[in-house]
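Notes follow the structure.
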Amino acid sequence: MRINEAVALVTGANRGIGRALVTEFLSRGAVRVHAAARDPRTLEPLVAEAPDRIVPLTLDITDPAAVTAAAEAAPDVTLLVNNAGRHGMGHLLEMDLTDVEAVMRTNWLGTLHVLRAFAPVVERNGGGAVANIVSVGAFAGTPAMGAYPASKAALALLTQAVRVDLAPRGITVHAVFPGPVETDMLRYATGHLKSLGDVPTASAADAARAIADGVEAGDEEIFPDPFARQVQECLRTDPKGVERLLLSRD
Ligand SMILES: NC(=O)c1ccc[n+]([C@@H]2O[C@H](COP(=O)([O-])OP(=O)(O)OC[C@H]3O[C@@H](n4cnc5c(N)ncnc54)[C@H](OP(=O)(O)O)[C@@H]3O)[C@@H](O)[C@H]2O)c1
């Protein structure tokens, strides 16, 4: 996928990694970027940076009608980034089930809604790419992190499955496994942990650059920061060691 020929759509584009991806795609010459967010007012500062190339789009990925409307409003997409996601810290045996359901409904089911709506759009435009922002959290059931690891493990398997379905339709599917990236989500999660341990963090801009590099290189799995690459190496050499790496963070 050549980003300088792409029309991208990024969900959760108003802040964090999503916002950094919009900026990165524009700097690589993307034709246009549809920046999707639940509250369009939160997109205003971003859109002001390049009003001719950023198209704001209202989208709550858990609302099927809104997802259908988004696919009609953005019929030119060739690169879809499923970035929107939520966290809900807590221990699964005790925490409020509302938080558990919200995390699964957003990270897994919401992403599936978007995939179902936009795969035909990308196909009609001659093919392209989808990148799902998963997490290294998908590789271990960290106890303090509620449903988040399970939601991301489910998303990783969804990503593998649709990769097979979409390949003959000319669409490559990338799974992105970030480690800790300096965003509101990381601040929220670390606020609930005793310590993050001795773990390197990455800026959202650096993570976005590595994600764009991976998409352009056609990498099926993208580990976009130093801690993620540590996990990737551990998966290769000592899969059980990944649990120790990730479970130490509670
Ligand atoms: N930061 C990390 O360390 C890290 C590590 C691994 C993976 N990730 C993943 O990276 C992605 C981006 O996270 P981030 O760190 O940039 O977090 P963030 O700063 O908390 O941003 C999350 C984004 O998702 C949006 N969102 C949440 N629920 C949504 C919904 N139902 N519909 C549409 N948008 C929704 C939020 O919109 P609102 O502003 O409206 O809430 C916000 O734009 C997530 O999938 C996250 O799981 C992050």
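When each full DSSP H helix of the chain is screened for a Cα extent of at least 24 Å along its own axis and an average Kyte-Doolittle hydropathy of at least -1.0, the helices passing are 148-166. Simple point charges give the picture: +1 on the Cβ of Lys and Arg, -1 on the Cβ of Asp and Glu, and for the chain a dipole about the Cα centre of about 120 debye.
Given segment 141-222, what whole percent of its Cα pairs are spread farther than 23 Å? Of all Cα-Cα distances in segment 141-222, 34 percent exceed 23 Å. Largest first, the extents of the alpha carbon coordinates of segment 1-45 on the three principal axes equal 29, 15, 14 Å.
For the peptides 233-241, 123-131, the ranking by packing is 123-131, 233-241, with the highest mean count of neighbouring Cβ atoms within 10 Å listed first.
Percent relative contact order of the chain, based on C-alpha pairs within less than 8 angstrom and at least six residues apart?
On the way: 495 pairs, mean separation 47.2, N = 250.
Averaging sequence separation for qualifying contacts and normalising by length gives 19 percent for the chain.
The alpha carbons of the chain occupy a box of 45, 37, 34 Å along the principal axes, longest dimension given first.
From the alpha carbon centroid of segment 126-146 to that of segment 1-79 is 20 Å.
A viscosity of 0.692 mPa s and a temperature of 37 °C, combined with the Kirkwood radius over Cα pairs in Stokes-Einstein, give a translational diffusion coefficient for segment 36-117 of 231 µm²/s. Available extension along the chain between Val31 and Asp198 is 56.1 nm, counting 0.36 nm per residue and deducting the alpha carbon span.
Highest first, please rank the peptides 89-101, 152-164 by the mean number of other Cβ atoms sitting within 10 Å of their residues. Working shown, then result.
Values: 89-101: 13.0, 152-164: 17.9.
Final packing ranking: 152-164, 89-101.
Counting every C-alpha pair in segment 176-250, the share spaced more than 14 angstrom apart comes to 63%.
Heavy atoms of the protein chains alone define the surface here; on that basis the chain has 44 Å² accessible area per residue at 1.4 Å probe size. Think of it as helices only: each DSSP H run of n ≥ 4 in the chain is worth -39500 (n - 2.57), and spread over all residues that comes to -13500 deg cm²/dmol at 222 nm. Pairwise Cα separations in segment 104-184 fall into 10 Å bins from 0 onward with the following percentages, short to long: 18, 47, 26, 8, 0.
With all protein chains in place and a 1.4 Å probe, the accessible surface of segment 14-68 carries 53 percent carbon and sulfur. Measuring how big segment 88-227 is from its alpha-carbon positions, Rg and Dmax come out at 15.9, 49 Å.
The values are calculated or read from the model by the stated rules, or taken from the named source; none is laboratory data. Remember, predicted model here, so these are calculated numbers, not experimental data. Counting neighbours? That spans all protein chains shown, and the Cβs are built from the backbone with ideal geometry, glycine included. These accessible areas exclude ligands, DNA and RNA; they are computed on the full protein's heavy atoms, side chains included. Shrake-Rupley method; radii C 1.70, N 1.55, O 1.52, S 1.80 Å.
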